[in-house]
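Report on one structure; see the data block that follows.
Just so it is clear, none of the values below were taken in a lab; they were calculated from the coordinates. Only a predicted model underlies this, so the values are computations on that prediction, with no experimental measurement involved. Neighbour counts are summed over all protein chains in view; Cβ atoms, including those assigned to glycine, are modelled from backbone coordinates with ideal geometry.
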Amino acid sequence: MLGKLTKHEFLTVSRLAIPAYLAILAISVVGRFLTWITSRQYVIDHVAPTFVRIIKILSSLISTVYVLAFIAFIVMTVVFLVYRFYKNYFTDEGYLMLTLPVKPTGLIFSKLFNSWIWLLFSAIVAVASLYITLGHYDQLTDLITRTFDSVKQVIEREGDFIRDELGVPIWVFVIELIIFVILLVSRYIFEWYASIGAGTMIAKKHKIIGTLIAFLILDNISYAVTGAFVAIATSVAPDYFTELSQSGGKALQLVVLGYSGVNLLLAGLLFWLLTYVMKHKLNLE
Amino acid sequence: MAEILKCNHLKKQYGSFTALKGINLELPEGKIVGLLGPNGSGKTTLIKLASGLLLPTAGEILINGQAPGVESKKIVAYLPERNYLDLSRKISKQIDFMGDFYKDFRKERAYEMLEHLDIDPSRPLKELSKGNREKVQLILVMSRDAKLYLLDEPIGGVDPAARDYILSTIIDNHPEDSTVLISTHLIADVEPVLDEFIFIREGEIVQHSAVDEVKSKGQTVDGLFREVFRC
């Protein structure tokens, strides 16, 4: 059932996301084309100056539109994914979704998986659109290739040194970083989901205001919990942390692992709060 | 006859307001039952408890012997008062959606009913009129071979012709051994199709009888309702 929920959610989101992706890429292409054409010597020499000027004005306008569209694109991706959760489960659509033969866990995770997928796609589209807009493709491609090569060389040449510094092989550290990012993103997603659950429970008439207030409270609690963990850890073993701070690699690894642990704990607590609300305190009216 | 729905001292409170005051109820299989009462009497709360959208404050509610949950949702078809459709979908996609989640969903029946109403399944739901959206929602519910149908005010707010269509759709499409619980305050319209009726007032069941029993006394359910609920 989780697979089916994820599939249907993916299809629904794709109907809105794909046109948005195409639009941002189209603006990038048009903007890039106008910049390119007005910089051609042939165009400058053979086309009426007024016309070139108009194209340059258009190009500037497109650049402004692009910057605004790009910001809107990033913000709307996050807002839309959060709104889907609210609309599906906490408005009238909940009468269908919450009476499907599926556990609340399945309902929540299908949305979480979709958030990961669409955030990843949005990041790829954002990079692609920047790539198109910035131009200088040869130099950019060359830069990317050289960066990859130098990283590879460093790993080959300094593999033992990195392992000694981090205390683990580099590939283990890369996996730790990926898990760190997944847990961090999941925690933020659950923070929003739990805020929707708690906000609609508290504010029966003004659900969105309730959600925003709940988010401010939960976000502050999350920071307080993280801060408390750091304070407890450093006060329990101050010598260890002083020693550790001398070794950059190991300290970095500890931060990554420790922060992952705290995010896992917070995500778990937020998930529990959300399932509690969905099971016991549902308020669809 | 086995009970498809059973309530034991079922109570539901919203803060200080008690919507259901410890009701006891048994519904057998294969009956069409009217849940009749004025607005705010607890009809919707009872249906929401049976559909698993709410949890009881005290007592229990059992569907086919089990507390509402994943298993009961497989055999319960619920039509709420509200429009629950995702309007960004096409009708055909909504049918696929229902077919994916309910093994007892009969796609061919859904398409047949849509054709009968001359509604094109390739149309997006947002393009339909309010009345047609309600009909599509009813079609989705009645295209299931469920054991228990919970229909909350299915004929409220529609014209008399639509009421006839809705009631005939319910009668023609529910399996014989299934139970249909219809909540409404439009007694005269549903009376001809009912086997049993329940009068509910201020969270308490005041009468649960067979329609034939009332008829044998030369009364109508509508008349009895007016008598019992006289202001």
Legend entry - aspartates and glutamates whose Cα lies under 18 Å from that of A:LYS204, excluding same-chain neighbours fewer than 8 positions away: A:ASP92, A:GLU93, A:GLU285
Legend entry - Straight-distance crosslink candidates among aspartates and glutamates, where the alpha carbon sits under 19 Å from B:LYS107 and sequence neighbours closer than 8 are dropped: B:ASP86, B:ASP96, B:GLU115, B:ASP118, B:ASP120, B:GLU134, B:ASP145, B:ASP172
Inset, instruction - Determine the shielding of peptide B:82-88 by partner chains: average, over its residues, the number of Cβ atoms on other chains within 10 angstrom of each Cβ. - result: 6
Inset, instruction - Just list whichever of B:LYS126/B:LYS147; A:LYS207/A:LYS279; A:LYS7/B:LYS73; B:LYS12/B:LYS130 have alpha carbons separated by over 27 Å in the model shown. - result: B:LYS126/B:LYS147; B:LYS12/B:LYS130
Legend entry - chain A: projected area of the alpha-carbon convex hull, averaged over directions, in nm²: 21.0 nm²
Legend entry - Two-decimal ratio, the stretch A:1-135, of alpha-carbon radius of gyration to 2.2 N^0.38 Å: 1.47
Legend entry - Calculated [θ] (222 nm, deg cm²/dmol) that DSSP helices of n ≥ 4 give over chain A, each run adding -39,500 (n - 2.57): -32000 deg cm²/dmol
Legend entry - Principal axis box of the stretch A:167-285, alpha-carbon based, largest edge first, Å: 57, 31, 21
Inset, instruction - In whole Hz, with x marking every Gly and Pro, tabulate ³J(HN,Hα) for the stretch B:194-208 from phi via Karplus 6.51 cos²θ - 1.76 cosθ + 1.60, θ = phi - 60°. - result: 7, 9, 9, 9, 10, 9, 10, 9, 6, x, 10, 7, 9, 7, 9
Inset, instruction - Just check the stretch A:124-215 against the gyration tensor rule for me: Cα atoms, a ≥ b ≥ c as the square roots of the eigenvalues, rounded for a/c under 1.5, and otherwise prolate or oblate depending on whether a/b exceeds b/c. - result: oblate
Inset, instruction - With viscosity set to 1.567 mPa s and temperature to 4 °C, compute the Stokes-Einstein D of the stretch B:1-101, Rh being the Kirkwood radius across alpha carbon pairs; µm²/s, no decimals. - result: 86 µm²/s
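Sort A:40-46, B:149-155, A:154-160 for me by packing, meaning the mean count of neighbouring Cβ atoms within 10 Å per residue, highest on top.
Details: A:40-46: 9.7, B:149-155: 23.7, A:154-160: 11.3.
In decreasing order of mean packing, A:40-46, B:149-155, A:154-160 become B:149-155, A:154-160, A:40-46.
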Inset, instruction - Would you grab the residues whose amide H sits under 5 Å from the one on B:ARG144? Only those 5+ places off in sequence or on another chain, please, with H modelled 1.01 Å from N. - result: B:ARG106
Inset, instruction - Within 10 Å, count the other beta carbons around each residue, average over each peptide in B:65-75, B:46-56, and list them highest first. - result: B:46-56, B:65-75
Legend entry - Dipole axis of chain B (+1 Lys, Arg; -1 Asp, Glu on Cβ), positive-most option in B:ALA188, B:HIS174, B:PHE97: B:PHE97
Legend entry - Set of the stretch B:114-150 residues, backbone N closer than 11 Å to the point 7 Å along the Cα-Cβ line of B:ASN83: B:125-137
Inset, instruction - Work from the charge dipole of chain A (Cβ charges, +1 for Lys and Arg, -1 for Asp and Glu, about the Cα centre) and give the residue of A:ILE182, A:LEU266, A:ILE209 farthest towards its positive end. - result: A:ILE209
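Based on the Cα atoms of the stretch A:22-85, what semi-axes does the equivalent ellipsoid have, where each is the square root of 5 times one gyration tensor eigenvalue, given in whole Å with the largest first?
34, 9, 6
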Inset, instruction - Once every Cα of chain B carries one equal point scatterer and solvent is ignored, give the base-10 log of I(q)/I(0) from the Debye formula at q = 0.09 Å⁻¹, two decimals. - result: -0.37
Legend entry - Long-range amide H partners of B:VAL206 with built H, under 5 Å: B:PHE199, B:ILE200, B:ARG201
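Based on Cα coordinates alone, diagonalise the gyration tensor for the stretch A:1-53, multiply each eigenvalue by 5, take square roots, and list the semi-axes in whole Å, largest first.
Working: eigenvalues 409, 13, 4 Å².
Ellipsoid half-lengths, sorted descending, are 45, 8, 5 Å.
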Inset, instruction - Compute the length gained on full extension between A:VAL174 and A:ALA231: take 0.36 nm times their separation in residues and subtract their Cα-Cα distance, giving the result in nm to one decimal. - result: 17.8 nm
Inset, instruction - Please compute the Cα-Cα pair-distance distribution of the protein assembly as shown with 10 Å bins starting at 0, giving whole percents from short to long. - result: 3, 14, 20, 20, 15, 12, 8, 5, 2, 0, 0
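Is any helix in chain A, taking whole DSSP H runs, at least 18 angstrom long along its axis by alpha carbon and on average at least -0.5 on the Kyte-Doolittle scale, and which ones? Display every interim value, and only then the final one.
Details: long enough: A:2-39 (53 Å, 0.97); A:49-90 (58 Å, 1.48); A:104-134 (45 Å, 1.48); A:137-166 (38 Å, -0.60); A:170-202 (47 Å, 1.79); A:207-236 (42 Å, 1.63); A:248-280 (47 Å, 1.15).
Helices passing the filter in chain A: A:2-39, A:49-90, A:104-134, A:170-202, A:207-236, A:248-280.
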